[in-house]
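The values are calculated or read from the model by the stated rules, or taken from the named source; none is laboratory data. The shown structure was predicted, so the numbers you read here are calculated from the model rather than taken from an experiment. Cβ sites come from the backbone with ideal geometry, for glycine too, and all protein chains shown count toward neighbours.
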Amino acid sequence: MSPAQPLHQGRLIPHFPGGTVRQKTGSWRIFRPVLDVEKCNNCLLCWIFCPDGAIDREEKWVTIGLDFCKGCGICENECPTDAITMVKEGK
Amino acid sequence: MSGVISVRPKDLPFDESVVGHLGCSGCGAFVAVRLALKILGDQTMLAIPACCVLATTCFYPQVPLKVPTLMTAFPATAATASGIAAGLRHLGKKKEITVVGLAGDGGTADIGIQALSGALDRGDQILYICYDNEAYMNTGVQRSGATPKGARTTTTPGGQRGMWESSPKKDLLSIVAAHGIPYAATSCISFPQDFMQKLAKAAQVEDGPSFIHVLAPCPPGWGYASEKTIELGKLAVEAGVFILREWENGEMKVTRKLRKRKPLAEYLKPQARFRHLTDEEIKAMEEEIARAWETIS
């Protein structure tokens, strides 16, 4: 790397594309959401209300990505069919 | 932005525009930001001042937001958005890209109100979203102009002299509507369809600024368990504390009329910031709400 490189070309400062993949906030979690796929009717309310975007949509039911889930419990509280239960981590 | 935007959950895009932020667990503001970016799409530019969203997203070397974001000074959100809009107009990209000013309630109702008023007066093509968590939350819950009467914050701590927040919540929508802009509305994250419909309407305004004021409950600031974020937003609307309104074509209308208001205590009791209120005080507040509803309808 030569010192003559201008900064705006991004050679001196490492940079990454938008959307953080390096900070995994899943380690903040105390309670983990667990989905009962038989009760899930794919209404997507949990997907709408998740502040962390941790829930993924699939064809028949949702899946919960634990990389970014902070375990706030909104999905459990809002699920109309009680398909999501919060389980303490480590159990 | 053009065409009809569907707000059905199944039609919304899969892509997450904000992932990996460091907001508190159960943060209401990020529900608002996520849904807003789903409706507005990737042809959006954000101007964000010092606020919760900036304090929990913008860390070197990566930003969780996938749209171009300009971090700006606290009072300058609307002025910055105006500048971006002027630049885009010069480049002939005014119609392709939505310019969004995104600020908290302090940055809108107190510190940023002068720049906001200027931008609305000039009639710049911007969309201003104010997410309202009713205090300066990321600096440690200091009172703002949007803090409701009776709330405990760190600068209105109460105590024996009863020094709780004494002034009522600023009516931001009326202040903004008084500028005679094409579209302004209040909404709440607990009513996502309503919020997204209003956002889609605001994004499609072509001849001037538009404004959305969205209530976003805050677990650490309001003092409740993180899973109740959506529930409390719903209760705020159903108890009549926060009125969902819309200003369009020079007319103010209530978009969610309540046949019967829920008891106010149901909304206040789960929150630590209202725990000191006595039954008489709650009754007095309920009467105030009833009066507010009478004047608007």
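Results for (1) of a type outside the set (Val, Ile, Thr); (2) closer than 23 Å to B:Glu248 by Cα, shown as yes or no for each residue.
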residue: B:Lys95; (1), (2): yes, yes
residue: B:Tyr128; (1), (2): yes, yes
residue: B:Val141; (1), (2): no, no
residue: B:Ala151; (1), (2): yes, no
residue: B:Met163; (1), (2): yes, no
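Every residue in the range A:34-53 that is within 14 Å of chain B (Cβ to nearest Cβ) and under 29 Å from B:Val53 (Cα atoms), please.
Once the filter is applied, which keeps residues that are within 14 Å of chain B (Cβ to nearest Cβ) and under 29 Å from B:Val53 (Cα atoms), the range A:34-53 yields A:Cys43, A:Leu44, A:Leu45, A:Cys46, A:Trp47, A:Ile48, A:Phe49, A:Cys50, A:Pro51, A:Asp52, A:Gly53.
Hey, any hits in the range B:277-296 for a residue that's of a type outside the set (A, V, I, L, M) and in contact with a Pro (Cβ under 9 Å, 6 or more places away or on another chain)? Reasoning before the result, please.
First, the residues of the range B:277-296 that are of a type outside the set (A, V, I, L, M): B:278-281, B:283, B:286-288, B:291, B:293-295.
Filter once more, so that each one left must be in contact with a Pro (Cβ under 9 Å, 6 or more places away or on another chain): B:286, B:288.
Within the range B:277-296, one or more residues are of a type outside the set (A, V, I, L, M) and in contact with a Pro (Cβ under 9 Å, 6 or more places away or on another chain).
Of the numbered conditions (1) farther than 26 Å from B:Arg275 by Cα; (2) outside any helix (DSSP H, G or I); (3) in contact with a helix residue (DSSP H, G or I) (Cβ under 8 Å, 6 or more places away or on another chain), B:Glu206 satisfies every one except a single condition; which is it?
All conditions pass for B:Glu206, except number (3).
One line per residue, one yes/no per condition, for (1) basic (Lys, Arg); (2) touching a residue at least 40 places away in the same chain (Cβ under 8 Å); (3) touching a Phe, Trp or Tyr at 6+ places or on another chain (Cβ under 8 Å):
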position	(1), (2), (3)
A:Val37	no, yes, yes
A:Cys40	no, yes, yes
A:Cys46	no, no, no
A:Pro51	no, no, yes
A:Trp61	no, no, no
A:Lys70	yes, yes, yes
A:Asp82	no, yes, no
A:Met86	no, yes, yes
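Would you kindly identify the helices (runs of 4 or more DSSP H) lying entirely within the range B:1-94 that contain at least 1 residues that are of a type in the set (Ser, Thr, Tyr), crowded, with 22+ Cβ neighbours inside 10 Å and facing chain A (nearest Cβ under 10 Å)? Don't jump to the end; show me each part of the working.
Details: elements: B:28-40, B:52-57, B:77-91.
Those helices (runs of 4 or more DSSP H) span B:52-57.
Residue-wise test of (1) under 22 Å from B:Gly123 (Cα atoms); (2) among the β-branched types (Val, Ile, Thr); (3) modelled with pLDDT of 90 or more; (4) in contact with a His (Cβ under 8 Å, 6 or more places away or on another chain).
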residue	(1), (2), (3), (4)
B:Thr57	no, yes, no, yes
B:Pro64	no, no, no, yes
B:Ala81	yes, no, yes, no
B:Val99	yes, yes, yes, no
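Would you check which residues across the range B:220-232 are within 10 Å of chain A (Cβ to nearest Cβ), in a helix (DSSP H, G or I) and surrounded by fewer than 23 Cβ atoms within 10 Å (Cβ to Cβ) and list them? Break it down stepwise before answering.
We begin by selecting, within the range B:220-232, every residue within 10 Å of chain A (Cβ to nearest Cβ); these are B:225-231.
Imposing the further condition that a residue be in a helix (DSSP H, G or I) reduces the set to B:226-231.
Of everything in the range B:220-232, those that are within 10 Å of chain A (Cβ to nearest Cβ), in a helix (DSSP H, G or I) and surrounded by fewer than 23 Cβ atoms within 10 Å (Cβ to Cβ) turn out to be B:Ser226, B:Glu227, B:Lys228, B:Glu231.
Being within 15 Å of the chain's Cα centre (by Cα) and either assigned to a helix (DSSP H, G or I) or without any contact (Cβ under 8 Å) to a residue 40 or more places away in the chain (or both): is that true of B:Ile175 here?
Values: within 15 Å of the chain's Cα centre (by Cα): yes; either assigned to a helix (DSSP H, G or I) or without any contact (Cβ under 8 Å) to a residue 40 or more places away in the chain (or both): yes.
So B:Ile175 passes the test.
Condition check: crowded, with 24+ Cβ neighbours inside 10 Å and in a helix (DSSP H, G or I). Does B:Ala103 satisfy that? Outline the logic, then answer.
Working: crowded, with 24+ Cβ neighbours inside 10 Å: yes; in a helix (DSSP H, G or I): no.
When the stated conditions are applied, B:Ala103 does not pass them.
I'm trying to understand the selection: among the residues of the range B:126-145, which are buried (at least 24 other Cβ atoms within 10 Å of the Cβ) and in a loop (DSSP other than H, G, I, E, B)?
B:Ile126, B:Asn133, B:Glu134, B:Ala135, B:Met137, B:Val141, B:Ser144
Go through the range B:149-167 and report how many residues are surrounded by fewer than 20 Cβ atoms within 10 Å (Cβ to Cβ) and touching a residue at least 60 places away in the same chain (Cβ under 8 Å). Write out each step before concluding.
As a first pass, look at the range B:149-167 and keep what is surrounded by fewer than 20 Cβ atoms within 10 Å (Cβ to Cβ): B:149, B:154-155, B:157-163, B:166-167.
Adding the requirement that they be touching a residue at least 60 places away in the same chain (Cβ under 8 Å) leaves B:149, B:158.
Adding up the residues that qualify gives 2.
Within the range A:54-74, take every residue that is closer than 24 Å to B:Cys218 by Cα, aliphatic (A, V, I, L, M) and more than 8 Å from chain B (Cβ to nearest Cβ) and give me the one that is nearest to the chain's Cα centre (by Cα).
Result: A:Ala54.
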